[in-house]
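Q: Dropping the structure in here first, questions after.
A short reminder: the numbers here are calculations on the coordinates, not readings from a lab. Since the model is a prediction, treat every value here as computed from it, not as a measurement. Because the Cβ atoms are built from the backbone with ideal geometry, glycine has one as well, and the counts that use them run over all protein chains shown.
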Amino acid sequence: MEDCENFSGADLAALMEEAGLAAIIEKQTSTEKTSGTIKTCYFEVALSKVSPSVSKMQIENYERFSKGLKQQYEKQHHHSNDLCCSLTV
């Protein structure tokens with residue numbers, strides 16, 4: 001869902017909580033019998049209240065960090081394979 005881009009896990013939890021609260025409020029204030037089901041409209045209300053806490057810059061930094069760790073792991077793993085092979089020869 002594009003509307004949730006840059007949302008952290010905590011942001012998504014807050015979004016769910018807000019949508020649930022919107023459903024509860026409507027159920028309590030409605031004179032009609034409602035199911036209490038969390039509908040799309042409640043998520044739309046929640047999206048107007050909850051903002052993503054992760055910036056594009058933070059995502060880019062994380063991706064660079066992750067790539068660096070992967071490269072470091074592969075380098076160490078490759079080196080340990082070479083060492084292992086040289087010990088068994």
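Q: Gain in length, Gln58 to Lys75, computed as 0.36 nm per residue apart minus the alpha-carbon separation, to one decimal in nm?
A: Full extension of this stretch gives 3.6 nm more.
Q: Across the chain, how many lysine pairs, 8 or more positions apart or on different chains, have C-alpha atoms separated by under 26 Å? Please give the number. Write out the running numbers ahead of the final one.
A: Details: Lys27/Lys39; Lys27/Lys49; Lys39/Lys49; Lys56/Lys67; Lys56/Lys70; Lys67/Lys75.
Here the count comes out as 6.
Q: As a test of the formula, what do you get for the chain when each DSSP H run with n ≥ 4 contributes -39,500 (n - 2.57) and the sum is divided by the residue count, at 222 nm and rounded to the nearest 500 deg cm²/dmol?
A: -25000 deg cm²/dmol
Q: In the neighborhood of Asp11, defined by Cβ-to-Cβ distances under 14 Å, what is the net charge if each Lys or Arg adds +1 and each Asp or Glu adds -1? Don't jump to the answer; show the numbers that get you there.
A: Numbers: positive: Lys49; negative: Asp3, Glu5, Glu17, Glu18.
Residues near Asp11 contribute -3 overall.
Q: Mind sorting out which of (i) 16, 50, 31, 4; (ii) 16, 47, 28, 7, 1; (iii) 15, 26, 18, 14, 12, 9, 5, 2, 0 is the real P(r) over Cα pairs in 10 Å bins from 0, in percent computed from the coordinates?
A: Here P(r) over Cα pairs in 10 Å bins from 0, in percent agrees with entry (iii).
Q: Could you work out the relative contact order of the chain, using alpha carbon pairs under 8 angstrom and six or more residues apart, expressed as a whole percent?
A: Working: 55 pairs, mean separation 30.5, N = 89.
Over the chain, the number comes to 34 percent.
Q: Just want the answer: with Cβ charges of +1 for Lys and Arg and -1 for Asp and Glu, which residue in Ser48, Leu12, Tyr73 is farthest toward the dipole's positive end in the chain?
A: After comparing all options, I get Tyr73.
Q: Which value, in debye to the nearest 20, describes the size of the charge dipole of segment 1-54 about its Cα centre when Lys and Arg Cβ atoms bear +1, Asp and Glu Cβ atoms bear -1, and nothing else is charged?
A: That gives segment 1-54 a dipole magnitude of about 300 debye.
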